Amino acid sequence: MLIDHSTYLKFKESAIQGRYVVNAQIINFLTTLRPEFTVETIGASVEGRPIKSVTVGTGNQKVLMWSQMHGNESTTTKAVLDLLRFLESKDAIATALLRNNTIKIIPILNPDGAEAYTRFNANAVDLNRDAQTRTQPESKVLRDVYEDFQPSFCFNLHDQRTMYNVGDTSKPATVSFLAPSHDKARSISDTRRLSMQLIAAMNTELQKVIPGQMGRYDDAFNANCIGDTFQMLKTPTVLFEAGHFQEDYERERTREYIAYALIKALHCIGEDETKSYSEKSYFEIPENNKLFFDILIRNAQMINPSFTKDVGIVFSEVLKDGKITFQAKIEKTGRLDEYFGHRTYDGRVKGDLTSLKGQNFWELLKQ
Ligand SMILES: [Zn+2]
């Protein structure tokens, strides 16, 4: 590992935690950075919130990354704040990253969606389906920055839901990657190969800390997606998806793994090591699957005879009084043998029944 856990804790931006991360926090954070970090307002959202970027480093490799294009996907935002703190440190690796790269970060591209804790912008548009027509101000901002900065690499930073597992295993997809396609045939251009090699490098690094918990995202081509568009424009682009780590609903662990991945990627780009990884190891990362429930109750008929067998419960995040709460909903019932639960209970087991009665979703099961 380039960075270990105790080093990470030294630069983690612990003032910003949890799932609800909004523009005001970012604006405040950016004022605390040292003067060599150039902070700019690069545009405004539909509701007039400023969209901020920060640029640092003097190297030839130019890396552009943006987070919270989907407003409720804040884990990677926390990771880029950690990355910025790392770059501020006098760590030798950080110094090399700044010598070799020029890094431009947009921590929140969709500040209105962040405020409302929703995927969409204030016009209810998914900005990751707006890359071609660019009907929204936020899409124009990103495109303008892209054209002006002319990045050598782009990182498109997102969160994914807790339902994703890795391949057919019971491991959650804590981090998923995609080298987006640039055509329907999903062919491998030199540009796309570089994205794959970079993912292979990050995967190698992360396997050391969360073995078996990296997944590969579906590579179906959609020109309206920003990654596919930048890939078509011949800029190697990587999609990052921050996912679930065991019991980590606040995504504080995942944030750390994303920070490791970002540092590894910037290191590889800066040291020109990307090409030493093979695209073959990209394809060896198992594909994501959707086999997780947040709660899986086997033999739920023992609790309520109206259930035929198992019950799968999912949590959705709801913004209430400035906080995210997790609301349970029964998603699927019947024989759910092939599924996994982040927590699993069995209605036949007395101890499981006792602990179920203490849970906030107990009432759901009694109806
Ligand atoms: Zn997303």
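Values in this text are rule-based calculations from the coordinates and carry no lab data. Because the structure is a prediction, the values reported are computed rather than measured. Quick reminder, even Gly has a Cβ in these numbers, built from the backbone with ideal geometry, and neighbours come from all protein chains shown.
Values for this structure:
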{"quantity": "Beta bridges by DSSP in the chain, antiparallel share as percent, to the nearest 5", "calculated": "55 percent"}
{"quantity": "Under 21 Å from residue 52, Cα to Cα: lysines that are on another chain or at least 8 residues apart", "calculated": "12, 62, 78, 104, 140"}
{"quantity": "Stokes-Einstein translational diffusion, the stretch 113-212 - Kirkwood Rh over all Cα pairs, 0.890 mPa s, 25 °C, in µm²/s", "calculated": "150 µm²/s"}
{"quantity": "Computed Rg/Rh of the chain, alpha carbon atoms with Kirkwood Rh", "calculated": "0.99"}
{"quantity": "Cβ-based net charge around residue 39, under 14 Å, with every Lys or Arg adding one and every Asp or Glu removing one", "calculated": "0"}
{"quantity": "Within straight-line cross-link reach of residue 280, lysines at Cα separation under 18 Å, skipping those fewer than 8 residues along the same chain", "calculated": "none"}
{"quantity": "Net dipole in debye of the chain [+1 Lys, Arg Cβ; -1 Asp, Glu Cβ; about Cα centre; nearest 20]", "calculated": "460 debye"}
{"quantity": "Cα-based reach from residue 366 at 18 Å (exclusive), listing aspartates and glutamates while leaving out same-chain residues under 8 positions away", "calculated": "310, 331, 346, 352"}
{"quantity": "Volume in Å³ per residue [convex hull over Cα atoms, computed for the stretch 214-367]", "calculated": "179 Å³"}
{"quantity": "Under the Karplus curve 6.51 cos²θ - 1.76 cosθ + 1.60, θ = phi - 60°, whole-Hz ³J(HN,Hα) for the stretch 33-38, x wherever Gly or Pro sits", "calculated": "6, 5, x, 6, 8, 8"}
{"quantity": "Cut-off under 5 Å, modelled amide H: who pairs with residue 331 long-range", "calculated": "312, 313, 314"}
{"quantity": "Cα centroid separation - the stretch 1-58 against the stretch 321-367, whole Å", "calculated": "37 Å"}
{"quantity": "Span per principal axis, largest first, for the Cα atoms of the stretch 293-366 (Å)", "calculated": "39, 25, 21"}
{"quantity": "Candidates 60, 222, 304: whichever shows maximal mean-square fluctuation once the chain is modelled as a Gaussian network with Cα springs under 10 Å", "calculated": "304"}
